[in-house]
Each structure stands twice: as C-alpha cells, then as structure tokens.
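Contents: one structure, followed by commentary.
Rule-based calculations on the coordinates, nothing more; no lab input. What you see is a predicted model; the values in this text were computed from it and never measured. All Cβ positions, glycine included, derive from the backbone under ideal geometry; neighbour counts span all protein chains shown.
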Protein chains: 2
Amino acid sequence: MAHTKLAIKPINTNFSLKDKIYDSLKQAITSMNIYAEDAELRLDERRLSEKLEISRTPVREALARLEQEGLVHIVPRRGVYIVRKTKAEMLEVVTVWAALESTAARLVIEKATDDEISSLRTMFITFEGDKAKAHIDEYSETNIEFHQSILRLSQCNLLCDLADNLFIHMRSIRDRTIAEQDRADRSIIDHLHIIEALEKRDADLAAQLVREHSMNLALHIEKHADYLE
Amino acid sequence: MAHTKLAIKPINTNFSLKDKIYDSLKQAITSMNIYAEDAELRLDERRLSEKLEISRTPVREALARLEQEGLVHIVPRRGVYIVRKTKAEMLEVVTVWAALESTAARLVIEKATDDEISSLRTMFITFEGDKAKAHIDEYSETNIEFHQSILRLSQCNLLCDLADNLFIHMRSIRDRTIAEQDRADRSIIDHLHIIEALEKRDADLAAQLVREHSMNLALHIEKHADYLE
DNA sequence: GCCTGGTGTATTGTATACCAAGGAATGTGA
DNA sequence: TCACATTCCTTGGTATACAATACACCAGGC
C-alpha cells in the first residue's frame, strides 16, 4: 500500500563522523593480528583522514577515545601506535576477565530463566564426542559465543561493556591457544561443568568454575605465550 | 649542601593542554556533589575554553575522553551534561566493584607480604570502640583508604584503574550512606573480618567477605537511596 | 673521524572560522 | 487567548590554517 505522506527520514542524525570512525577503527584494530611480526602498528592521522575523505578533527577525537580505552597509544608529535600488550598486561586482562565473568555467572543464576540457561547447552551439541578438534575454527567461535552469552544473561550492562573491552585483547590470545594441545577438549568439559552448576543454581560453584576456567588460560599464557615479549 | 653539577630537568614535556584540562575537569566533577538538587550539570565548551583562555579544540578532546569514561554525556547540538547514574546503574557499579575488589583480595593473598597486610589493621586502631560514629568524616576517609589499599596491594594495575573509575561514582554514595544507621560500626567489623581472612591467607574466605561487604552496600542502596531517581 | 649545531621535513597540538541542528522567543492569524 | 509558523540564538560538528616539536640529515670545525 502506497503512503500518502512522504514516508521517511528516521536516518540516524545521532551518529556523527567521529563515532563512525571510532567504530571503524576499533573494528579494524580488533580484527587484525596485532602480534604478527610484520604488523603495521603505526597509524597516521593525516593518512586516515585523507583515506576517509574527512578532516583530521573527527579522526583525532576517535583516536583519543581509543587511547582512553587502551587500544592505541598517542605519542606527542611522534605518532599514534596500536598497543601491544605485554605478557604481564595480558595476564592482568585475563585475571580481570575472570573476575567479571565469574560475577556474571552469579548474576545468571539470580536472573536467567531455566530456558536461557539450557540454551547454553545447545551451543555445544554439534561438538559432541571428538568433533571439537576436527572443527577448531567453528569451535573457537562457539567458545567465544559461550562466554559472551554468560555475560549477556547476567543482564548487567556495565559488566558486558567492560568485558567487551577486555575481550578484544583476549580474542587474539584465544585464537592462538585454542588450537594447541588438547585445550579444545578440555575447554568443552569445563564449559559443560559450568552449565551444570548454573542449572543446579549453585552460585558459588559456578563462579568458582568460571574463574578457574579463565585462570587456566592465564597459566597457559604464562607458560607458552612467548610471542608476547 | 650545594651541588657541583647542574642538577636537573627531567621536565615532563609530555603533558599537553588537553591532558591538563582532562585532569582538571575530572577532578572538578569528582569533587562536586552531582546528586544535589541544585547541581549544575551542564557544561559548555565555549564557556570552558573562554574561562581557561584556550581554544575549544583541547577542551573538546578532554570532554570526549570524559564521555568515553562515562562521566559526561555529550548530546549533539544540545550540550554536555555530567552524568547522573540511575539507581539501577549504581547497583551495577557496586556489583562490578565487588567483583574487582574480591579478586584483588585473592591477589593480595598471593602477592602481599605479612607486613603489608598488617598495615591494613593499623588503619583502624584510631576507631577502636565507639569512636567511629563520633568521627564519621575521618572514618569515611579511612574507609576509602582501606578499599583502595586492597586494590593497590593486589599489584594489578588494570584492576586498580578500573576500580578507580568506578570509585568516582561509589564515593558520592558512600559519603551519603556511611552516616546512616549503624553502618559505620558494621563496616568496621566487616573490615576486621576481611583483614583476618587475609592474615590467614584464606583466599576463598577473603574474596567472599569482600564481595558480601560490597553487596551489602548494594542492598542498602536498593532500599534507601531514593535520591537516585 | 667525530662532535656540534643548523636546517628541513614529518607529524601532532592548538586556534579559529564556518556549518547545521535544536530549541526558545517572537510574531501572526484565527 | 491559543495554535502555529518564523526567526534567531545557542551549541556542538567539521574543516582548515598555523604553531610547535621530534627526528633525520648534512655541513663545518676541531
């Protein structure tokens, strides 16, 4: 049915250039492999603004936000550099992640329905048995999804937001470590135990299992992540 | 004694205008009572830049950082507003705080020396007995110091940084709530129990006590903080 | 050959001008 | 008196010009 009135303009006037650039840069940084030998860690205000065909001002504001967030480091009159976390810093990230996610697990028990919790279980049915090793890439995605689901089901926005920021750094590690040894299998077992604890509504146990699961990653990084200087 | 060598200048060339403005604004916002009826929540780029006798650009960059941090909200073409947390948001802040501090407590047990832990105890000797109620203001400071000490002794910078940001919001609540009822006394008792757990190097207990202590604040806010809309 | 200082260039920091959008004040007609 | 349109002011958004600094390179003197 044709409208008699000019139908639109719900066009977003609410997102300014700087927001778009911020999202765009963040996405770009997130999806690049920061720790590769030949990674291009240098950003150039002017080149960026020319490439995006806008002026430097909004680019600068976006970069300032990224710096506040810890993704880039701005050196006065030298340039903007993507931050590489040291091993020590990465261990801190994982530690804080553990804190956030285990608290999320407690909240899930308070707030989530049985259905929501059991939805976690269905995420893993495709990996029953030995399939995990065979489909590492898929599993890695599911793995990430699982952890983010716990955050989401906690219904605590602050928790989600903080965790999201940490996740940017976690992701690059997880991708590297999940393929090593039998970590994928071990990971699934851990996850199933966590789900069981949630289903039993045992807050202390769930929190403990979630924390230990993350801290195992920390131990692994401590031992094996030599590519972090 | 006079030096024979020219003694100095490791002078920081690293602090630009925007950094100073950022610090200055943050300090100002932190120390004002955001929740007072007549609080001036509106900021004006132009007025600020005129008052500080600089251009708008660095002011804008400072404000952008503060927005990223959640202290102010910038509404396009409307203005910049200091953020008032709602009750729900404040409860989230306290929840996340609990997560961070209880993890810090675990780390204290791993990393702090006996001396460092016992230094926590000495903070409270002046408030032995019934003195807490009589010196509410002093106690409020000690209270804050106690919690920050736990973070600091965890030797985890990320934990400290995140907690500091939350603390800005916690502070305004604590100042209001500590004077109510017998919360000061209760608070001291909690703190002493926490210290005992740390001294016994009982990580699970310490983490639990710290978390419960904070969550009690959450319950109190839930019930009594009607000034949060 | 090495040290010292100058100079040029690249890059970010800051200032300023102009724009667009929202909202309030004002005017106008019923 | 009220509803509505118009105007204007306020305010943040963007673009651009200029200033300041870091670094590389080079020339000249010892």
### Query
Using a label point 7 angstrom from Cα along Cα-to-C-beta, what distances in nm, from shortest up, separate residue A:193 from the other copies?
2.9
### Task
Quote the FRET efficiency, to the nearest 0.05, computed for residue B:44 versus residue A:118 with a Förster distance R0 of 41 Å and r equal to the Cβ-Cβ distance.
0.20
### Coarse-grained scattering of the range A:32-125 at q = 0.12 Å⁻¹, given as base-10 log I(q)/I(0) from a Debye sum over alpha-carbon atoms
-0.65
#### Entry: Nearest-first distances (nm) between copies at residue B:121, label 7 Å from Cα via Cβ
4.9
### Message
Averaging the inverse of every distinct alpha carbon separation and then flipping it gives the Kirkwood radius. What is it for the protein assembly as shown, in angstrom units?
### Response
24.8 Å
### Task
Could you grab the Rg to Rh ratio for the range B:17-63? Cα atoms only, Kirkwood for Rh.
1.00
### Task
Could you please tell me the mean projected area of the C-alpha convex hull for the range A:158-229, averaged over all directions and given in square nanometres to one decimal?
5.5 nm²
### Query
Measuring from the lowest to the highest alpha carbon on each principal axis, how far does chain B reach, largest first, in angstroms?
63, 56, 32
### Message
How many angstrom lie between the Cα centre of the range B:156-177 and the Cα centre of the range B:65-103?
### Response
11 Å
### Query
If you put a point 7 Å past Cα along the Cβ direction, how far is that point for residue B:69 from the same point in each other copy, in nm, smallest first?
1.7
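At a Förster distance of 41 Å, what's the computed FRET efficiency of residue B:193 paired with residue A:186, Cβ-Cβ distance as r, to 0.05?
Efficiency, from the Cβ-Cβ distance: 0.65.
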